[in-house]
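Shown next, in structure tokens, is the structure this report addresses.
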Amino acid sequence: LHRIPRPPYRVPLAGDVIGSSKDTPVQDSMRLARRLGPIFRRNAFGKEFVLVAGADLAADLADEARFAKHVGLGVANLRQLAGDGLFTAYNHEPNWQLAHDVLAPGFSREAMAGYHTMMLAVAERLTGHWDRAAGAGRAVDVPGDMTKLTLETIARTGFGHDFGSFERSRPHPFVTAMIGTLDYAQRLNAVPAPLAPLLLRRAGRRNAADIGRLHRIVDEVVRIRRADGGGEGDLLDRMLDTAHPDSGERLSPENVRRQVITFLIAGHETTSGALSFALHFLSLNPGVADRARAEVDRVWGGSAAPGYEQVAKLRYVRRVLDESLRLWPTAPAYAREARADTVLAGEHPMRRGAWTMVLTPMLHRDPAVWGPDPERFDPDRFDAPAVRSRPPHTYKPFGTGARACIGRQFALHEATLVLGLLLRRYELRPDPGYRLRVTERLTLMPEGLRLRPERRPAPA
Ligand code: MNH
């Protein structure tokens, strides 16, 4: 451990607090990575942890034979909320495999094609709202609107539930309570564990109230479904009715609640951020936006409603998303633990159970992989020859291995569809005064991003 660099000034008891803020752990770590290199240590109140920012090390950590997901820091802090739900389950908990096997068919190609029409209907609520803003020459609140869109999409496709987000002037209470719990889970990392009950007493009470609110909301979603006697085979039907294909086992009511919370949160917050960053970059790179728009016009032509297949054909729009998630992967870290004593990258001994965090935004900026100017936004980094020429395990916005994101295709289909619709319909004018500020609440979001959509004529 002593060979791994660490920040030079360490405050007794508190640790590496100089130049770091409880509100921006990821961006502080990015700064440290720039100074300290591909692997470094941080210390908080006597707890020492190692972060990885370099591609060679991250590639070695992707070896599933020697490493597995570690439930630590932010993810572990969410266990109060989501217990052994899919995202927060320990590898050894039986409900992980059970829920994974029962829910995975809900993310097959056929399942996605089935969600498409509903995704389109939600996206049209968004364009309705943006049309009114464009007509009045008003700017739109991009993260706020993307969150309305992605929450409605997962709620309706997965759970047959309508949160009415577009009819509300303020965020749905589910969103407010969710942000509260994510924020709290992040803040728990910034205080010494034994003092948390004391230092975060008020915040802890608020967090308990937020969790209670989330439970009541999801219990109501489940109650309505039970009263209806079943939906049309969506995620909630799988959670409630589907037995494991081999064991015949079903999810318990307590576990269903945890899965519903997990999917309602994981299914919208990071996709909302991904769309928001993509719109930010499109507004700043008119050449990229023109090229993406030309592709949409070519592939979709005049068709009023693009079909499922027509979304998959938007290759360049998809690259815009890939590149946005390179620079700002909205789930910005994942942790890996050693399955047995091993040596990381032939250099760093690790005991069984020892763990390290991969700092994805810096992995995605490693000049050895991405060249001398990794900050430059360039979707062509994801054209086929460029992707083929890169080593594996260099791009990880959805994590890695058995515990990688189950909703990846869902997110990419939804986000590509929405970007296509917005590009076809609007010019995206940036707010001249806007400078990117990234807020952290375990996830990343471009704070206060506003754009001025302007209607463009329909393509001939
Ligand atoms: Mn998602 C796991 C990123 C969209 C549901 N997701 C992960 C992980 C990352 C991630 C990273 C792995 C975390 C870890 O190793 O600790 N997810 C994203 C991003 C987007 C995203 C960047 C959008 C963009 N995720 C979605 C959507 C859904 C979803 C949409 C559901 C509809 N994600 C999950 C679940 C897991 C997960 C569930 C946990 C999977 C498992 O452990 O088996």
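All of the numbers you see were taken from the coordinates with simple rules; none came from a lab. Note that this is a predicted model, so its numbers are computed, not measured. Here the Cβ positions follow ideal geometry from the backbone for every residue, glycine too, while neighbour counts run over all protein chains shown.
Given their separation in residues at 0.36 nm each and the Cα-Cα distance between them, D228 and A243 gain 3.4 nm when the chain is fully extended. When GluC sites (Glu not before Pro) are flagged only if DSSP places them in a loop and at most 16 other Cβ atoms lie within 10 Å, the longest unflagged stretch of the chain comes out as 65-231. Overall shape: oblate for the stretch 283-322, with the ratio a/c of the largest to smallest alpha carbon gyration tensor axis at 1.5 or above and b/c at least equal to a/b. The alpha-carbon atoms of the stretch 189-323 define a convex hull whose volume equals 220 cubic angstrom per residue. Dividing the summed helix terms, -39500 (n - 2.57) for each DSSP H run of n ≥ 4, by the number of residues in the chain produces a 222 nm estimate of -15500 deg cm²/dmol to the nearest 500.
Could you check the simple spin-label distance between L284 and A305, using points 7 Å along Cα→Cβ, in nm with one decimal? Result: 3.6 nm between the two label points. Geometric descriptor of the stretch 222-288, per residue, is 137 Å³ (volume of the convex hull of the Cα atoms). Paramagnetic label reach from T117 (point 7 Å along Cα→Cβ; backbone nitrogen cut-off under 15 Å): within the stretch 309-331, residues 309.
Of all DSSP-defined beta bridges confined to the chain, some 95% are antiparallel rather than parallel. In the stretch 359-425, one over the average inverse separation of all distinct C-alpha pairs is 13.9 Å, which is the Kirkwood hydrodynamic radius. When restricted to Cα atoms, the stretch 86-189 yields an Rg and a Dmax of 17.2, 55 Å, respectively.
Pull out a ≥ b ≥ c, the square roots of the eigenvalues of the alpha-carbon gyration tensor of the stretch 306-385, then state rounded if a/c is under 1.5, prolate if not and a/b is larger than b/c, and oblate in the remaining case. In terms of gyration-tensor shape, prolate. Rounded, prolate or oblate, given the Cα gyration tensor of the stretch 251-375, with a/c below 1.5 counting as rounded? Verdict is oblate for the stretch 251-375.
Length available on full extension from R352 to A65: 0.36 nm per residue minus the Cα-Cα distance, which gives 102.0 nm.
Considered as an equivalent ellipsoid built on the Cα gyration tensor, the chain has semi-axes of 34, 28, 23 Å, the largest given first. Averaging the Cα positions of each part gives two centres, and for the stretch 267-328 and the stretch 409-460 these lie 9 Å apart. With neighbours defined as other Cβ atoms within 10 Å of a residue's Cβ, the residues R315, R3, R291 order from fewest to most as R3, R315, R291. Extension gain for E93 to H393 (0.36 nm times residue separation, less C-alpha to C-alpha distance): 105.3 nm. Annotation for the stretch 143-216: trypsin sites (Lys or Arg not before Pro) lying in DSSP loop with at most 16 further Cβ atoms inside 10 Å of their Cβ are R168. Here the stretch 106-138 and the stretch 179-203 have alpha carbon centers that stand 36 Å from each other.
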